[in-house]
Amino acid sequence: MKAAVYDGPRTVNVKDMPDARIERPTDVLLRITTTNICGSDLHMYEGRTDMEPGRILGHENLGEVIAVGDAVDRVRVGDMVVVPFNISCGFCENCERGLTAFCLTTNPDPRIVGAAYGFADMGPYDGGQAEFLRVPYGDFNCLVLPEDARDTNRQKDYVMLADIFPTGWHATRLAEMVPGDTVVVYGAGPVGLMATYAAMIQGASRVWVVDRHQDRLEVAERLGAIPINYSKTSPIDRVMEDTSGIGADRGCECVGYQATDASGAEHPNITLNNLVRSVRFTGGIGVVGVFVPQDPGSPDPMYREGEVALDYGTLWFKGQRMGTGQCNVKVYNRKLFALIAEGRARPSFVVSHELPLDAAPQGYQHFDSRDSGWMKVVMHPDGKG
Ligand code: NAD
Ligand code: ZN
């Protein structure tokens, strides 16, 4: 099969790889019709993780079931399904509690909890930026979609259920947002825009979105948010000014450890400290931007060991709460699917480019450069779209 393979820093090649196949009786095999490039892929693409060269990327996947293992009961050949980026078993103690991003059985490394497709440290699983994908525990992991999911255009909405729509929503839940709250979102990439969208749907009274890319801020503005370009304006000052010095009720971190200052230099602590300073006393902060235990390539000596200079004194003094981690997609995807199916949500608004799989190298390069207008790349390995 053809697949997009990570071949080292800033090198993705589309090559022939062994076909994905049913390996265990609980597996489902998909023919991928829509698969996305994610900001999480960029941490790997830039060589800032311990992703092994030679592995297939892609954890935001939607496709048609073409084979099922003998122990699969519910999912049928011919079904259109979207799968969470998390690979989870459904029967461990964490999965039972809904913590499917922290599945205790699917990562063979005893030191790590949680698994995902084509992802550094998240198990040996191949990604779905390929013609075919093996889905472990298919009955648990597949969200079966209605007939309209055969339409490539409709897939652009449903595929966002694999990761970024639930992840943006998760940011607001980790921040414990309630209707009427004000929310400041750091990052206007696809995840930050989904957090903004989630806050809007849940009844935020006001949302600020912080980034330095004007094209992305314009999309946030169209959603009804107040854009703050941090290369021109201090987001802390602006939020404080707009709230008579109180701060936002909630804050969402949708950037991660490669956050930059106005000049473009990396500081892994910048968004965390901006949040502590722009969220009110007793407010909530949800951190879905990725942080990693080691980052040998970091320009910040502390962060090479995963440590950040966090303004913990202020966080503690303000009595703030901070929730963190990968999104447990299964907690949200069925209900967010219902919002899409009923026409209440159209997360495809983030899609800027639809490419064939062969164009993956160009897709990575432009998205990684945050070239103007390159916001969310979806690919169609089936040649449609
Ligand atoms: P992205 O890289 O396209 O977006 C990040 C945005 O943050 C960029 O537009 C960038 O300009 C902006 N930014 C950089 N420094 C900033 C600062 N100081 N203040 C405000 N904005 C700043 O990526 P994305 O796809 O939107 O993903 C965002 C993060 O979410 C990544 O770290 C990704 O790995 C992570 N992620 C986490 C989960 C999860 O389950 N927790 C799921 C998906 C993605
Ligand atoms: Zn993703």
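Here are the numbers:
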read-out: Flag if Lys330 is over 21 Å from Ile87 (Cβ atoms) and surrounded by 14 or more Cβ atoms within 10 Å (Cβ to Cβ); value: no
read-out: Residue match in the range 77-96 (condition: at pLDDT 95 or above, assigned to a loop (DSSP other than H, G, I, E, B), of a type in the set (S, T, N, Q) and more than 15 Å from ligand 1 (Cβ to nearest atom)); value: no
read-out: Residue that is surrounded by the most Cβ atoms within 10 Å (Cβ to Cβ), among those in the range 268-302 that are within 22 Å of the chain's Cα centre (by Cα) and part of a helix (DSSP H, G or I); value: Leu275
read-out: Residue within the range 38-54 that is in the same structural domain as Tyr125 (by TED's automatic domain parsing), within 16 Å of ligand 2 (Cβ to nearest atom) and either part of a strand (DSSP E or B) or farther than 21 Å from Gln294 by Cα (or both) present; value: no
read-out: Condition met for Val377 (within 16 Å of the chain's Cα centre (by Cα) and farther than 23 Å from Gly47 by Cα); value: no
read-out: Residue pairs meeting the criteria (Cβ under 8 Å; at least 6 apart or on separate chains; first on the phi > 0 side of the Ramachandran plot, in the range 74-85; second aliphatic (A, V, I, L, M) and within 16 Å of ligand 2 (Cβ to nearest atom)); value: none
read-out: Those residues of the range 155-182 which are farther than 21 Å from Gly58 by Cα and of a type in the set (Val, Ile, Thr), in sequence order; value: Thr172, Val178, Thr182
read-out: Enumeration of residues in the range 338-385 that are farther than 19 Å from Pro9 by Cβ and of a type in the set (S, T, N, Q); value: Ser348, Ser352, Ser372
read-out: Criterion violated by Val159 - all others in (1) surrounded by fewer than 24 Cβ atoms within 10 Å (Cβ to Cβ); (2) assigned by TED's automatic domain parsing to the domain that holds Arg334 satisfied; value: (1)
read-out: Count of residues meeting criterion [more than 16 Å from ligand 1 (Cβ to nearest atom) and under 30 Å from Leu355 (Cα atoms)] in the range 152-190; value: 6
read-out: Qualifying residue in the range 21-34 (condition: under 22 Å from the mean Cα position of the chain (by Cα), assigned by TED's automatic domain parsing to the domain that holds Arg370, within 16 Å of ligand 1 (Cβ to nearest atom) and modelled with pLDDT of 95 or more); value: no
read-out: Selection count, the range 337-362, where residues are under 17 Å from the mean Cα position of the chain (by Cα) and in a helix (DSSP H, G or I); value: 5
read-out: Matching entry among Gly138, Gly90, Gly127, Gly118 (being in contact (Cβ under 8 Å) with a residue 24 or more places away in the chain and surrounded by fewer than 18 Cβ atoms within 10 Å (Cβ to Cβ)); value: Gly90
read-out: Residue count for the range 9-19, restricted to those that are in a loop (DSSP other than H, G, I, E, B) and either surrounded by fewer than 12 Cβ atoms within 10 Å (Cβ to Cβ) or within 24 Å of the chain's Cα centre (by Cα) (or both); value: 4
read-out: Residue within the range 58-75 that is surrounded by 22 or more Cβ atoms within 10 Å (Cβ to Cβ), among the acidic types (Asp, Glu) and not in a strand (DSSP E or B) present; value: yes
read-out: Qualifying residues in the range 254-268 (those that are modelled with pLDDT under 95 and out of contact with any Ser or Thr (no Cβ under 6 Å at 6 or more places or on another chain)) - the one farthest from Tyr303 (Cα to Cα); value: Ser263
read-out: Residue match in the range 349-356 (condition: of a type in the set (Val, Ile, Thr) and away from ligand 1 (no atom under 16 Å from the Cβ)); value: no
read-out: Breaking point among (1) within 30 Å of Arg346 (Cβ to Cβ); (2) crowded, with 24+ Cβ neighbours inside 10 Å, for Tyr230; value: (2)
read-out: All helices (runs of 4 or more DSSP H) inside the range 132-191 with 2 or more residues being within 16 Å of ligand 2 (Cβ to nearest atom) and closer than 16 Å to Lys376 by Cα; value: 152-158, 164-174
read-out: Count of residues meeting criterion [farther than 14 Å from Asp358 by Cα and either within 16 Å of ligand 2 (Cβ to nearest atom) or polar (S, T, N, Q) (or both)] in the range 12-31; value: 1
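The values are calculated or read from the model by the stated rules, or taken from the named source; none is laboratory data. What you are looking at is a predicted structure, and each value in this text was computed from that prediction instead of being measured. Because the Cβ atoms are built from the backbone with ideal geometry, glycine has one as well, and the counts that use them run over all protein chains shown.
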